[in-house]
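Notes follow once the structure below has been shown.
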Amino acid sequence: MILTGGLKSLLPHVLRRIIRCNRLSISNTSGMAEGYKQANVVILHKSLADDFEKFCHANDGPLPLLYRSKPGDWKCPSLSSDSDIRTDCLQYQVYEHGACTGSLKSLKEYSERLKDMVTFYLGCSFSFEKAVQNAGIPIRNVEQKCNVSMYKTAMPCYSISTFCCNLVVTMRPIPESKLEAAVLATSELKEAHGAPIHMGDPGLLGIQDLSKTDYGDPVHLHPGDIPVFWACGVTGIEAVINCRAALAFTHSPGCMFITDLKNDNVTLRSSREAPEVHCISQDPLHYSIVSAEAARKIKALETLIGIDPGDRGIVHLQQQGELLKASLAISHARSVLITTGFPTHFTYEPPEENDGPPGALAIAAVLQALEKGVAIVTDQRAMDLNKKIIEEAVQLGILKKPVPLLSYQKENADSAILFLCENGNPGKPRFDHLIAIERAGMAADGNYYNARKVNIKHLVDPIDELFLAAQSIPGVSTTGVGDGGNELGMGKVKDAVKKHIKNGDAIACDVEADFTVVAGVSNWGGYAIACALYVLSTCEVHDRYLRKAVGFPRLSKKAVWLSALPSVAKEEKLLKTLAWHGVRSGKTASLEMEVDGLPFYNTHSHMIEELL
């Protein structure tokens, strides 16, 4: 028997010959033939081959197709010069009607039946290990001399005919400081599964315990390591199991076919397309990916909305990158709850100002276009008003359909949790992101104040409690949009509000949001979030990460998303509708502002179009 020392430097054709002679005392090929591509193997009857190829193309993250043989062809000339698929994997598995009926070192005894079968060679993550190591990143399973960890997820692949299954992933512990380097090292190696599909808490993939692998071995995480997950070719094995073919063969997980192809034929992305990594949640821990170009556009939007037309000192409240992180978190959300309403005109009926509702509806329109769940919660006294505004927004074409309208009242200590979660179960939240835009926020003394330090608590329902309750619900994040520091969510910057904003000591909101978007006018913050969601949806890097590299890119829906974006014309129609219902302006001066000699909103719209 040949031991493992020096195998990483042997050429592939030498390793295949050694494997063919059954002379290796190893359990997997991780770390072998460094820098060369390895392949998962699936062998099916020729009647199933066309559908399986379509399945691979529909799920090219886990199943990057390197080569498809002709029936009965045991060689793969484009991948290797002298191979025989019957003997050149360390170990094979036999499947009959969906059940694994045995493991073999050779398939030669099935040679007659193999004449009617087709072999698929699929990319493998072992192929990128050398590139990861060259980036200064440790490969923990190689260090620990074990197979890589593989897990079934709760993420369904795109089904084709009888081929349907959930995604399988590999997990590699990566030091937190090296996350972006790991993404950069693998993102262009598409034939080796490309960039990760998830970074952070395994529960978000439906994996409950990393110590209990479905395939491979558990790999120990070092302090400071983050679990990073790549799509895995063992997904093909799950598809074979579910299709229940009369007879099929696969490699044993970790026992790959080693090709003669090197991983050096990579087209590098431009710096604009390079992926960036951003943490969007601590509980559960969750990182997202976006291209540098998309991030640049969103940061430019953040700068654009940060103009302070009232010269109130909001520059001191602004925190760079909040719009990007908020938008990334919302992009990952399935269902979003929005609240708005600031009754600053307390001596009038209705007391609301027109800053807030247009921005809220702009976000809702894009969320609808993205096919996410969305609802609005508002004060009980304003339900009829908001219902009419929503109905007219549908008639004006601003919304695709009515947004469910809710109200919240505190009846007992559990009211907020019962409102946010099914049967009050924090494990089943109805919404996974809450957005407050120009919503009166509770101050430290429990009251609500307008900018002139007038207490308007009698006009405000305790919707702040939903944001406070969300802090204790894993997986629910929050965003606050404001322009003065007394809005819900601005508690994150309350010290700056007290120091730099007029009446800040009294009016500062005490309730924090996870992300705080500060704008010259809150509506602008809403428009920026809507536009940022569009930018993310049209970003190929982010789209692939959202869909876990299964299914097809969603860019075919770009026209629908574009039509949902806010515009000057839409805002003018909505402001007229609000005025018709007696809603007054709270910031008329900002509407008259000019930039480069043009009305601000026209310039604002033009700049957004340029960014998009």
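A few notes on this one:
- Using θ = phi - 60° and Karplus 6.51 cos²θ - 1.76 cosθ + 1.60, couplings along region 487-502 (whole Hz; Gly, Pro as x): 9, 4, x, 6, x, 5, 10, 4, 5, 5, 4, 4, 7, 10, 9, 4
- Charge dipole (Cα centre; +1 on Lys/Arg Cβ, -1 on Asp/Glu Cβ; no other charges) of the chain amounts to roughly 1720 debye.
- Highest-first arrangement of 306-318, 410-422, where packing means the average Cβ count within 10 Å: 306-318, 410-422
- Residue order by solvent-accessible surface for 188, 438 is 188, 438, largest first, with ligands and nucleic acids left out and a 1.4 Å probe.
- Remark: spin-label model distance residue 455-residue 334 equals 4.3 nm, labels positioned 7 Å along the Cα→Cβ axis.
- Of the GluC sites (Glu not before Pro) found in region 258-359, those in coil by DSSP whose Cβ has at most 16 other Cβ atoms within 10 Å are 273.
- Dipole orientation for the chain: of the candidates 524, 249, 545, 249 has the Cα lying most toward the positive pole (charges on Cβ; Lys, Arg +1; Asp, Glu -1).
- The chain - percent of accessible surface contributed by carbon and sulfur, probe 1.4 Å: 51
- Region 275-611, dipole about Cα centre (Lys/Arg Cβ +1, Asp/Glu Cβ -1), debye to the nearest 20: 680
- Tilt relative to the chain, helix 46-58 - C-alpha long axis, 0 to 90 degrees, to 10: 30
- For residue 558, a cut-off of 15 angstrom between C-alpha atoms picks up these aspartates and glutamates, skipping any fewer than 8 places away in its own chain: 371, 540, 543, 609.
- The ratio of the alpha-carbon radius of gyration of the chain to the globular-protein estimate 2.2 N^0.38 Å is 1.12.
- Region 275-611: C-alpha pair distances exceeding 37 Å, %: 10
- Chymotrypsin sites (Phe, Trp or Tyr not before Pro) restricted to DSSP loop in region 286-369 with at most 15 other C-beta within 10 Å: 346, 348
- The listed peptides 115-128, 63-76, 226-239, ordered by packing as a protection proxy, come out as 226-239, 115-128, 63-76 (highest mean of other Cβ atoms within 10 Å first).
- Global geometry of region 92-150, whether rounded, prolate or oblate, following the gyration tensor of its Cα atoms and the 1.5 cut on a/c: prolate
- Using θ = phi - 60° and Karplus 6.51 cos²θ - 1.76 cosθ + 1.60, couplings along region 92-106 (whole Hz; Gly, Pro as x): 10, 10, 10, 10, 10, 6, x, 10, 6, 10, x, 10, 9, 8, 8
- Spin-label pair residue 159-residue 54: with each label point 7 Å from Cα along the Cα-Cβ axis, the two points sit 1.4 nm from one another.
- Greater than 32 Å apart at Cα, pairs in 388/502; 54/105; 401/494; 54/400: 388/502; 401/494; 54/400
- Since only 210, 305, 261 are under comparison, the one whose Cα sits farthest along the positive direction of the charge dipole of the chain, derived from C-beta charges on Lys, Arg, Asp and Glu, is 261.
- Acute angle (nearest 10 degrees) that the helix 383-395 long axis makes with the longest principal axis of the chain, alpha-carbon atoms: 60
- In the assembled protein chains, residue 17 presents an accessible area of approximately 120 Å² (probe radius 1.4 Å).
- Within straight-line reach of residue 576, meaning a Cα separation under 20 Å, sit the following aspartates and glutamates at least 8 residues removed in sequence or on another chain: 349, 352, 353, 355, 384, 391, 392, 438, 592.
- Extension reserve of the residue 11-residue 246 stretch, reckoned as 0.36 nm per residue once the Cα distance is removed: 81.0 nm
- Members of 212/492; 70/548; 387/548; 299/372; 498/570 lying beyond 28 Å, as alpha-carbon distances in this model show: 212/492; 70/548; 387/548; 498/570
- A Förster radius of 22 Å combined with the Cβ-Cβ distance from residue 46 to residue 557 puts the calculated FRET efficiency at roughly 0.05.
- Accessible area per residue in Å² at 1.4 Å probe, computed on the chain: 40
- Partners of residue 75 within straight-line reach, counting aspartates and glutamates whose Cα lies under 15 Å from its Cα and excluding those fewer than 8 residues away in the same chain: 84, 88, 116, 260.
- Charge context of residue 182, other residues only, Cβ under 14 angstrom, K/R +1, D/E -1: -2
The values are calculated or read from the model by the stated rules, or taken from the named source; none is laboratory data. For clarity, every value in this text was computed on a predicted model and none was experimentally measured. All Cβ positions, glycine included, derive from the backbone under ideal geometry; neighbour counts span all protein chains shown. In case anyone asks, the SASA skips ligands and DNA or RNA and just uses the protein heavy atoms, side chains included. Shrake-Rupley method; radii C 1.70, N 1.55, O 1.52, S 1.80 Å.
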